[in-house]
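Structure record follows, encoded as structure tokens.
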Amino acid sequence: MSNHSSDTPTVKETSINVIAEGTRVEGKVVFTHISRVHGVLVGNVLAQDGSTLILGETSVVEGNIHADTLLIDGYVHGDVAAKSKVTISRTGRVIGNIQTRSLELEFGAYFEGKCSMNEHTTNEHRSPTSAGPA
């Protein structure tokens, strides 16, 4: 269960992908719908438009992430591009740059990097590393 505040909307999970704690996946990973990660992902992560990627407290992502909506309760070391929203919870840690229309940092969240909140950038589906200066 995530530690999001009561102001955070509840996500209805009708179709879900799960990478369980203790699992390590290396290489490019593509998600659709709602996906939960509790394990380790090494490589670039792509969540299709309209999807929600939830990184649980035990998750570790070492690579760039491109998503529509991203909820981070775990650890990310890489650049993030989210079309709609990024939420970093009180247990979430991000070391890398973030590109999104909306960024929510809960009290206790850790973020080290630059943030760009440009609607046009996320509409063009550019990779996180191709962005200009923040």
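Every read-out reported here was derived from the displayed coordinates using simple, explicitly stated rules and does not represent laboratory data. Just so it is clear, the model here is predicted, and its values are computed rather than measured. Cβ: placed from backbone, ideal geometry, glycine included. Neighbour counts: every protein chain shown.
The table below gives the values:
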read-out	value
Under the Karplus curve 6.51 cos²θ - 1.76 cosθ + 1.60, θ = phi - 60°, whole-Hz ³J(HN,Hα) for region 66-78, x wherever Gly or Pro sits	10, 9, 8, 10, 10, 10, 10, 9, x, 10, 10, 10, x
³J(HN,Hα), Karplus 6.51/-1.76/1.60, whole Hz, each residue of region 50-65, x for Gly, Pro	x, 9, 10, 10, 10, 9, x, 4, 8, 6, 9, 10, 10, x, 7, 10
Amide proton proximity set for residue 58, modelled H, under 5 Å, gap of 5+	none
Sequence-distant residues sharing a close amide H with residue 65 (under 5 Å, placed H)	45, 79, 80, 81
Distance between modelled label sites at residue 16 and residue 58, nm, 7 Å Cα→Cβ extension	1.5
Gain in span if fully extended, residue 104 to residue 84, counting 0.36 nm per residue against the direct Cα distance	6.1 nm
Dimensionless Rg over Rh [region 23-121; C-alpha; Kirkwood]	0.92
Contour minus Cα-Cα distance for residue 49 and residue 33 (0.36 nm per residue)	4.9 nm
Only Lys, Arg (+1) and Asp, Glu (-1) charged, at Cβ; region 23-121 dipole about Cα centre in debye	40
